[in-house]
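Contents: one structure, followed by commentary.
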Amino acid sequence: MAIDETYLAQEPSGDSRADAEEVKADRSKPPSVWRRFGLQIGIGAVGALIWLLFLISAPVVFLKPSIYLAFASTTPLFLIIALALTFVIITGEIDLSFPAVMALSMVSFTWVFQNGGFLGMAFLAAIVTGALAGAFNGYLVGKMGIPAVVITIGTSFLFRGLELAAMSGSGFPLTDPAMDPLKQVLVGRWFFGIPMQFIWVVIFAILLWALLNRTRFGSHVFLIGDNATSAKLMGVNVMWTKVGVFMLVGAMAAFAGMVASFEVSYFWPTLGEGTLLNTIAAVFVGGTSPFGGAGSIFGTLIGGLIIGALNAGIVSAGINAFWTQAVFGFVIVVSLIMQVVIQKRVRN
Amino acid sequence: MSDTAVVTPVIELKNVSKTFGEVQSIKDIDFHINAGEIVGLLGDNGAGKSTLIKTIMGFHTPDPGGEIYFKGELLKDWNVHKARDIGIETVYQERALCDQQSIWRNMFMGRERRGKLGLLDVAGMRKEAARLMSEHMGFTSNAVHPENTVMTMSGGEKQGVAIARALYFHAEVVILDEPTMGLSLSETKKTLNFIRSIKEAGKSAIFIDHNIFHVYPVVDRIIILDRGSIAASLVKDEIPIENLMEGLQHLARTGSWSA
């Protein structure tokens, strides 16, 4: 024991002094509301500000419900996927292939339906196709270790190519009366003409919030995105979690693909084109960290509403349509800068 | 010594090797640890200490032919999750924490508690984390609220979280990989006391450190690893620390052990 004491006394302890200076906040209390939800509050404020600007610039348009109903019918097409994509981005990955998955899963839908399958079976076939396409992405990323940004460009071409080949480049009308029940459930109009797809956004937001915050799977999504090595050392199955998040995006892309197709009563072979950037922008504007390990479903919901409001609002507000993209880019860049600033503040 | 010979070791390794590509990191390791025993693992950088414990933990799969036994039972399809399930916990050199996440998430990483409907028992985990930190850690005078992120903690406090985590799951065997690295004087003493308390509780520990003055006072046996093989296996009471030091220096110079 004597040896222990003597040599310990000679041990330099430079490290702990630096550590002590780092620690400032009173940590006996839970972190303040601002520390915990600062980002979400900021995003909410940006959303409210944009809405106010629209309201002031074109009160005639923005005081009537019709603009909101139009907005509620188009925004879900990408917002449903954005909610699921939040999981992928929290794990530190990205998926660029979901527009092609939307179309590919519609191929399964039309095949099963045309070959006398029940409507429910056709619906399931689409969801399963989407989930399998996602699992394929997840396997390539999680098991083979190929960077997601590269491999999902590859699978995007693959899925789109398979879809175009299967459909010989032509579309498929969704006007058969037998499809009406599904059409009502997906894109029907509810009280006061609220589009069903918007109700689905709300339902999915609640379910996915629970999945992210109240299940082991959700816990592992955060841990892997934060520090995959630590998670692995503590027995978290990194590969299956990654397969899981990509499957989720695939299945939700299939759902969104059906929503988008039934909304126009036609399956266009180009289905999904144009949704890529809106969806990704919704997740990042919503405050999900591009470095992984942090993000929220609430943030993505608000982010998606901001992106959707800009799409619907810029022209209605009387701004020259040529300015649409510039305003769009401005809002995205400003919100990303704001996030970095807020995060730095919160950390210090 | 005669009765320890018939006792089944808690962990036993037979002929375990691990090769990464062309490099054989550990070769033909035979190793055991009994209940209530603390084994010190000494060796230079690159001797294979970390590879050995990560193999025991199931993070690395041993090369074919190597066998790991837990209480006499051969382990098959070994992985980290199973290792933790049967009661082996490790305090890793790199702490294995996720900085942006809350303390309770880190404490229950990989073994999250679930309640009704299989949903996470968040309130329960928060409460347990708070209790552990005030009862076991003792690294800080103030209690730290479990909702704070690990990012806000000092090196010693982070180590406290890693140790409290190993403790919480009532491990049979606690493996500590350089637990005193980067700790202050008082934090080091606390860590060494913690290792002694493992023995008092009848549990086992494997203690890896560079500093033999940290290892020597708390261990029962010392295993010396050199270039992937066991160079010497010693009972502490049979070798004075001066001889041990000379032996290690000789090993570093010549590559062979003689005490």
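Worth a mention:
- A:Leu77 crowded, with 20+ Cβ neighbours inside 10 Å and either on the phi < 0 side of the Ramachandran plot or at pLDDT below 90 (or both): yes
- Residue in the stretch A:121-136 that is within 25 Å of A:Ser230 (Cα to Cα), at pLDDT 95 or above and not charged (D, E, K, R) present: yes
- Single match in A:Leu85, A:Leu63 (criterion: crowded, with 24+ Cβ neighbours inside 10 Å and not β-branched (Val, Ile, Thr)): A:Leu85
- So B:Glu73, is it surrounded by fewer than 21 Cβ atoms within 10 Å (Cβ to Cβ) and either within 24 Å of A:Ala228 (Cβ to Cβ) or without any contact (Cβ under 8 Å) to a residue 40 or more places away in the chain (or both): yes
- Residues that are away from chain A (no Cβ under 14 Å) and not in a helix (DSSP H, G or I), drawn from the stretch B:39-57: B:Val39, B:Leu41, B:Leu42, B:Gly43, B:Asp44, B:Asn45, B:Gly46, B:Ala47, B:Gly48
- Considering only residues in the stretch B:111-121 that are in contact with a Gly (Cβ under 9 Å, 6 or more places away or on another chain) and within 16 Å of A:Leu211 (Cα to Cα), the one that is nearest to the other protein chains (Cβ to nearest Cβ) turns out to be B:Leu120.
- Inside the stretch A:168-201, residues that are closer than 30 Å to A:Val141 by Cα and buried (at least 19 other Cβ atoms within 10 Å of the Cβ) make up a count of 2.
- Any hit, the stretch A:315-323, residues being assigned to a helix (DSSP H, G or I) and closer than 20 Å to A:Phe198 by Cβ: yes
- Boolean, A:Gly244 is away from chain B (no Cβ under 14 Å) and either hydroxyl-bearing (Ser, Thr, Tyr) or buried (at least 18 other Cβ atoms within 10 Å of the Cβ) (or both): yes
- Whether a residue is among the aliphatic types (A, V, I, L, M), within 7 Å of another protein chain (Cβ to nearest Cβ) and touching a residue at least 60 places away in the same chain (Cβ under 8 Å) was assessed, and B:Ala166 does not pass this test.
- Residue match in the stretch A:40-49 (condition: in contact with a Gly (Cβ under 6 Å, 6 or more places away or on another chain), in contact (Cβ under 8 Å) with a residue 24 or more places away in the chain and assigned to a helix (DSSP H, G or I)): yes
- Counting only strands (runs of 3 or more DSSP E) that fall entirely inside the stretch B:181-259 and contain at least 1 residues that are within 14 Å of chain A (Cβ to nearest Cβ), the qualifying elements are B:204-208.
- Test set (1) farther than 30 Å from B:Glu157 by Cβ; (2) outside any loop (DSSP other than H, G, I, E, B) - B:Leu176 fails condition number: (1)
- All of A:Phe157, A:Phe113, A:Phe109 fail the test of being more than 19 Å from the chain's Cα centre (by Cα), surrounded by 24 or more Cβ atoms within 10 Å (Cβ to Cβ) and outside any loop (DSSP other than H, G, I, E, B), apart from A:Phe109.
- Subset of the stretch B:76-108 (residues that are assigned to a helix (DSSP H, G or I), hydrophobic (A, V, I, L, M, F, W, C) and more than 8 Å from chain A (Cβ to nearest Cβ)): B:Ile103, B:Trp104, B:Met107
The values are calculated or read from the model by the stated rules, or taken from the named source; none is laboratory data. Everything quoted here is computed from the prediction, not taken from an experiment. Methodologically, a virtual Cβ is constructed for each residue, glycine included, from the backbone with ideal geometry; neighbour enumeration extends over all protein chains shown.
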